[in-house]
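Asks: One structure, as structure tokens, below. Some questions next.
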Amino acid sequence: MLSQTTAPEFKCKPGNRPEGLLARALIIFACVTVPMLAPIGAAHAGDNDASIISGVKEADLTPEERAEREARKACKVELCRAFRNPGEQTSGNINCSIPKSWRKAQLDKMVSKAKVSWPWGSVHCMADIDIPRSDLVSAMKDQKYDLKLKTHHVACSIQREKKEATKIDIDFAPTVTFENGKAVKAKINWGKLSAPTLVKGAMWTATATDNTLNVLQSTLVEDINDFISKKCDEVKDEWAKTSQ
């Protein structure tokens, strides 16, 4: 049972097995959606899925999956440039539409690590990212910086066998505290949720719990720092060229 005073550490990795319906809902929702929602993680969600996580080989990617990957990469380069090599370009906003699809086999593998099952089909999500470039520059240069993003939105479609796809829409307004160029605190700050009654109850409870206890903080902090370092290194040749 979740404590009312202490937020448990949660990571979508093997060995995490909280008990109860609430924990199950949070695991499924986090494993599928957090990579889309983290203010930085959204831009690189699944970039290496084809060879490392999902088991889908490069040659087996569909044209749609390839197009999604290229769209995420373009946004990733702009975010990395702001973090690592802004040059004179410190004004304006970074605007990206981030698409991400998961096959059922990918979802089965992801949630099986937490000893739960994925009861539906494939998932497609879209998030629009709008981040002031100056905020990312300050996050890296200032000794301490509180990044507060405006409300963002993610829309997901979950396929169901012999039924219409389930539509889920949710708002979020992330906050991230940086110290000496590293994220040390983070919170998603879930907002308005629209979903069918069948799943809305569990999702509302899970997101409300995270808003209160910040269960997903460690996952977000790790994901953001990994993006700024390792993931940005993967596209260094592109962001190293200062945008004109």
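Only the coordinates and a few stated rules stand behind these numbers; no lab work does. These figures come from a predicted structure and were not determined experimentally. Ideal geometry is used to build each Cβ from the backbone, glycine not excepted, and the neighbour counts take in all protein chains shown.
Asks: Order by neighbour count: LYS73, LYS192, fewest other Cβ atoms within 10 Å first, most last.
Replies: Details: LYS73 15, LYS192 10.
Lowest to highest Cβ neighbour count: LYS192, LYS73.
Asks: First select every other residue whose beta carbon is under 12 angstrom from the beta carbon of ASN93; then total the charges, Lys and Arg +1, Asp and Glu -1. Write out the running numbers ahead of the final one.
Replies: Working: positive: ARG133, LYS150; negative: GLU78, ASP128, ASP130, ASP135.
That works out to -2.
Asks: Taking 0.36 nm per residue of sequence separation and subtracting the Cα-Cα distance, how much length would be gained by fully extending the chain between SER97 and LYS141, in nm to one decimal?
Replies: Working: separation 44, 0.36 × 44 = 15.84 nm, distance 2.67 nm.
Once the chain is fully extended between SER97 and LYS141, it gains 13.2 nm.
Asks: Assigning unit charges at the beta carbon (Lys, Arg +1; Asp, Glu -1) and nothing else, what dipole magnitude in debye, to the nearest 20, does the stretch 152-226 show about its Cα centre?
Replies: Details: 9 positive and 9 negative charges, 65 e Å.
Using Cβ point charges on Lys, Arg, Asp and Glu, the stretch 152-226 gives about 320 debye.
Asks: If one computes the Cα centroid of the stretch 141-183 and of the stretch 62-105, what distance in Å separates the two points?
Replies: Result: 14 Å between the Cα centres.
Asks: As a footprinting exposure proxy, order PHE83, PHE178 by other Cβ within 10 Å, with the fewest listed first. Kindly include the intermediate steps, with their values, before the conclusion.
Replies: Values: PHE83 20, PHE178 25.
Listed from fewest to most nearby Cβ atoms, that is PHE83, PHE178.
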